[in-house]
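The values are calculated or read from the model by the stated rules, or taken from the named source; none is laboratory data. Every value quoted in this text rests on a predicted model; they were computed, and no experiment measured them. Counting neighbours? That spans all protein chains shown, and the Cβs are built from the backbone with ideal geometry, glycine included. Quick note on the areas: whole protein, heavy atoms, side chains included, nothing else; ligands and nucleic acids left out. Shrake-Rupley method; radii C 1.70, N 1.55, O 1.52, S 1.80 Å.
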Amino acid sequence: MIPAPCSKVEIQDSLMRLRNIEEVNGIPSQPALPGSELDVDELYILSGLLLEPDEETAFVIAELGRSWAWLGAAVAACARVPLEAWREEYQRLFGDGGEGGECPARESAWLPDCNPLDLAALYRRAAIKTHGKPSDFLANQLAFAAWHLEQESSVDPAVWTVLWQRLSSWVPRFGRELRERAELEIYRALGSRLEILFGPSVSAAAIA
């Protein structure tokens, strides 16, 4: 008989018991990496929402809204917005392909001294396709973060720490600005979620 797969809660409980056993036996447990509790699927969703909307975007968001509470209010609003108006809002906020506009989704727009070239090397190693977008485009960074966490036991702590430091140094400001400037609910929700997940006081309750 094939055993039923464990739920996320059961896995978390097992890991907690293992940590407790290690501590009782004098074995130091490894500290959790900052941001490593982020959900891989959610990172891919956030990355996708930073791309220009097309004919399928509203349908995809409607499906995702069933599982992600923070998207709930945006689902009904998206259904009422014509695609052309949605694209105009995207262009106003992010510019051509997310590279400009009133709220550019690029690290270099918020941290002028950053070096995006080292990100390109990481993407090549992970076979991440940037589709002609700059390496510091947030959608690319979030996709790489998701891929990196998917590696689980082979996660490179040094690489993740640098990536997390980069994201947490500018994404909360970007998210706040996006939330305040956006006219469509989907981008207000996106900005708010980014601000929460990459802010200084991220918690398990916020990620749930």
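Tabulated values for the structure
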{"quantity": "Search result, residues across the range 188-201 that are part of a helix (DSSP H, G or I) and over 17 Å from Cys78 (Cβ atoms)", "calculated": "Leu194, Glu195, Ile196, Leu197"}
{"quantity": "Members of the range 106-118 that are modelled with pLDDT under 85 and open to solvent by less than 40 Å² (accessible area, probe 1.4 Å)", "calculated": "Cys114, Pro116"}
{"quantity": "Qualifying residue in the range 82-103 (condition: among the hydrophobic types (A, V, I, L, M, F, W, C) and modelled with pLDDT under 90)", "calculated": "no"}
{"quantity": "Residue within the range 88-105 that is surrounded by 15 or more Cβ atoms within 10 Å (Cβ to Cβ) and under 23 Å from Leu33 (Cα atoms) present", "calculated": "no"}
{"quantity": "Single residue of the range 101-113 satisfying the filter (among the small types (Gly, Ala, Ser) and in a loop (DSSP other than H, G, I, E, B)) that is nearest to Leu50 (Cα to Cα)", "calculated": "Ala105"}
{"quantity": "Where Glu180 falls short, out of the listed (1) closer than 20 Å to Leu50 by Cα; (2) modelled with pLDDT under 95; (3) out of contact with any helix residue (DSSP H, G or I) (no Cβ under 7 Å at 6 or more places or on another chain)", "calculated": "(2)"}
{"quantity": "Subset of the range 148-158 (residues that are touching a helix residue (DSSP H, G or I) at 6+ places or on another chain (Cβ under 7 Å) and either more than 16 Å from Asp39 (Cβ to Cβ) or open to solvent by less than 70 Å² (accessible area, probe 1.4 Å) (or both))", "calculated": "His148, Leu149, Val155"}
{"quantity": "Test for His131: is it open to solvent by 50 Å² or more (accessible area, probe 1.4 Å) and more than 22 Å from Arg176 (Cβ to Cβ)", "calculated": "yes"}
{"quantity": "Matching option when the condition is touching a strand residue (DSSP E or B) at 6+ places or on another chain (Cβ under 9 Å), modelled with pLDDT of 90 or more and under 20 Å from Arg193 (Cα atoms), among Leu50, Leu142", "calculated": "Leu50"}
{"quantity": "Qualifying residues in the range 122-152 (those that are of a type in the set (S, T, N, Q) and part of a helix (DSSP H, G or I)) - the one farthest from the chain's Cα centre (by Cα)", "calculated": "Asn140"}
{"quantity": "Total residues in the range 34-52, condition of a type in the set (Gly, Ala, Ser) and either outside any helix (DSSP H, G or I) or over 25 Å from Gly95 (Cβ atoms) (or both)", "calculated": "2"}
{"quantity": "Tally, over the range 171-187, of residues that are open to solvent by 80 Å² or more (accessible area, probe 1.4 Å) and either part of a helix (DSSP H, G or I) or closer than 17 Å to Leu142 by Cβ (or both)", "calculated": "5"}
{"quantity": "Residue match in the range 53-70 (condition: in contact with a helix residue (DSSP H, G or I) (Cβ under 6 Å, 6 or more places away or on another chain), under 13 Å from Ala189 (Cβ atoms) and open to solvent by less than 40 Å² (accessible area, probe 1.4 Å))", "calculated": "yes"}
